[in-house]
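As structure tokens, the structure follows; a few thoughts come after it.
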Amino acid sequence: MKNRHKKENKSTKKHRRIFWIFVFFLVVGIGVTSYILLFSAYTRRVEREAIATGTVQEEIYSFKSRRDLLSLTPEVKRAALYGRATEIDYGTYIIPGLNATETQVFGEKNTSSICTSMTPQGLAVTDEYVLVSAYCHTEKHNSVIYVINKETHRFIKEVVLPGLPHVGGLAYDQEHDMLWYSSNTNGIAQAISIKMDVLRDYNYADNHMPVQVNQTCSLYGIVRDSFMTFYKGCLYVGCFNKYTESTIARYAVDSKGDLVNTFNEELGMMFEMAVPLDYSTISEQAQGMAFYNDKLLLSHSFGILPSRIVFYEQSDKRLYVNENSARSYRMPEMIEQIVVEGDELYVLFESGAYAYRGYAGNVVDRVLKLNLIKMEESYQEEY
């Protein structure tokens, strides 16, 4: 009888312990979720007080702490840091403007204002520059493109864009020396181009006006212009979906580097639009794309969940979903656009933005450069 009571008491204590552990994690979970929701709501409305009088390029965290962060993913650390001791900041580029960006208040012409809530999104690389696009999280200021000297890693200037585009993607057409950026107006996906000569000569201080764009083109066949890349004479535009598979559309450019417009009433058009040459199917939560040899690379992220870069073998079926992936690499959360140049993969994150760094676990305040050969070697060693 006593043994039975002892067993019952032990069982009761065990269930109580499990119950209180459950309650503890439930309370912690509710607390963390509430903090994130409240912080997000606050930063969507309120910017920090500006201290600087212009755009500043300063690290949010020390490089040593970011180097230690990469230790969580050894194969990424190897690709990002090994053999780069002689490069400036181990090959990384501090994202300008995270604390202060000179731009203008939307709708107020010929004025200058400081934005403290710029959120990086798009990335492009040329022979001269590393280019990063960003939008104002509070939607009070015009979006911008930061121009960084590729050799010195130093910030050169900001290029103020017309309006408030999310600028989720940048793409550089080397043949025509043209830069494209993503936009969406009245629910219609758009691609907008800037001639690089115009960008090189641009100085916001001259007249406090947004940069002059070359072409604004509406895109048929895709819901949103979320990210983009330029490859083999075509502009590729991808659409981000949270929970369902999505699409990449491929568009042709003409001899001047402009997108080819068409008016076709049978397709339901009410005005000229660029029509895709073809489509590809991709997995959900895609944020960026790039091509490397015979592979398509996609970056995926959503919220505070770990990000990943997935390598897909290119195929005529153009089906790039998880079950067909060649390999996947875990990355810190909030990855955005990726760019391939030679055997290097440039990677951008938005976690350094004021709106996110209050709750992002692994804040990356710089563009990383990963060696693709080392990434492939680490995969072969593992498998």
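The values are calculated or read from the model by the stated rules, or taken from the named source; none is laboratory data. Just so it is clear, the model here is predicted, and its values are computed rather than measured. All Cβ positions, glycine included, derive from the backbone under ideal geometry; neighbour counts span all protein chains shown.
In the range 181-195 there is no residue matching the filter, namely being assigned to a strand (DSSP E or B) and in contact with a helix residue (DSSP H, G or I) (Cβ under 9 Å, 6 or more places away or on another chain).
Results for (1) under 17 Å from the mean Cα position of the chain (by Cα); (2) modelled with pLDDT under 90; (3) buried (at least 22 other Cβ atoms within 10 Å of the Cβ); (4) part of a strand (DSSP E or B), shown as yes or no for each residue.
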{"position": "Leu298", "(1), (2), (3), (4)": "yes, no, yes, yes"}
{"position": "Asp316", "(1), (2), (3), (4)": "no, yes, no, no"}
{"position": "Tyr329", "(1), (2), (3), (4)": "yes, no, no, yes"}
{"position": "Glu336", "(1), (2), (3), (4)": "yes, no, yes, yes"}
{"position": "Val339", "(1), (2), (3), (4)": "yes, no, yes, yes"}
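Evaluating Asp343 against the criteria (1) in contact with a helix residue (DSSP H, G or I) (Cβ under 7 Å, 6 or more places away or on another chain); (2) closer than 27 Å to Leu98 by Cβ leaves one unmet condition, (2). The set of residues in the range 214-259 being at positive phi and modelled with pLDDT of 95 or more consists of Lys232, Gly233, Gly257. Quick check on my filter: what residues within the range 145-173 are part of a loop (DSSP other than H, G, I, E, B) and touching a helix residue (DSSP H, G or I) at 6+ places or on another chain (Cβ under 6 Å)? Answer for the range 145-173, where residues must be part of a loop (DSSP other than H, G, I, E, B) and touching a helix residue (DSSP H, G or I) at 6+ places or on another chain (Cβ under 6 Å): just His153.
Residues that are in contact with a Ser or Thr (Cβ under 8 Å, 6 or more places away or on another chain), under 30 Å from Ala205 (Cβ atoms), assigned to a helix (DSSP H, G or I) and at pLDDT 60 or above: does the range 75-88 have at least one? Yes, the conditions are met somewhere in the range 75-88. Checking each residue in the range 341-357 for being within 9 Å of Ser301 (Cβ to Cβ) and not in a loop (DSSP other than H, G, I, E, B) picks out only Phe349. Of all residues in the range 300-314, those satisfying the criterion of being part of a strand (DSSP E or B) and either surrounded by 22 or more Cβ atoms within 10 Å (Cβ to Cβ) or touching a helix residue (DSSP H, G or I) at 6+ places or on another chain (Cβ under 7 Å) (or both) are His300, Ser307, Ile309, Val310, Tyr312.
Annotation note: Cβ proximity below 7 Å between a residue of the range 282-310 that is closer than 13 Å to Tyr231 by Cβ and a residue that is assigned to a loop (DSSP other than H, G, I, E, B) and polar (S, T, N, Q) (sequence gap 6+ or interchain) occurs for Asp294/Gln314; Lys295/Gln314; Leu296/Gln314. In the range 113-127, the residues that are within 30 Å of Glu175 (Cβ to Cβ) reach residues that are in a strand (DSSP E or B) and among the small types (Gly, Ala, Ser) with C-beta atoms within less than 6 angstrom, at least six apart or across chains, in these pairs: Pro120/Ala134; Gln121/Ser133; Gly122/Ser133. Filtered by the rule that a residue be part of a loop (DSSP other than H, G, I, E, B) and farther than 25 Å from Trp180 by Cα, the range 318-327 gives Val321, Ser325, Ala326.
Comparison of Gly97, Gly122 shows that the only residue that is within 19 Å of the chain's Cα centre (by Cα), in a loop (DSSP other than H, G, I, E, B) and modelled with pLDDT of 95 or more is Gly97.
Scanning the range 161-198 for residues that are over 23 Å from Tyr231 (Cβ atoms) and buried (at least 22 other Cβ atoms within 10 Å of the Cβ) gives a single hit, Leu161. Scanning the range 273-286 for residues that are on the phi < 0 side of the Ramachandran plot, in a loop (DSSP other than H, G, I, E, B) and surrounded by 15 or more Cβ atoms within 10 Å (Cβ to Cβ) yields Val275, Pro276, Ser283, Glu284. Evaluating Glu158 against the criteria (1) of a type in the set (Asp, Glu); (2) crowded, with 20+ Cβ neighbours inside 10 Å; (3) within 23 Å of Asp278 (Cα to Cα) leaves one unmet condition, (3).
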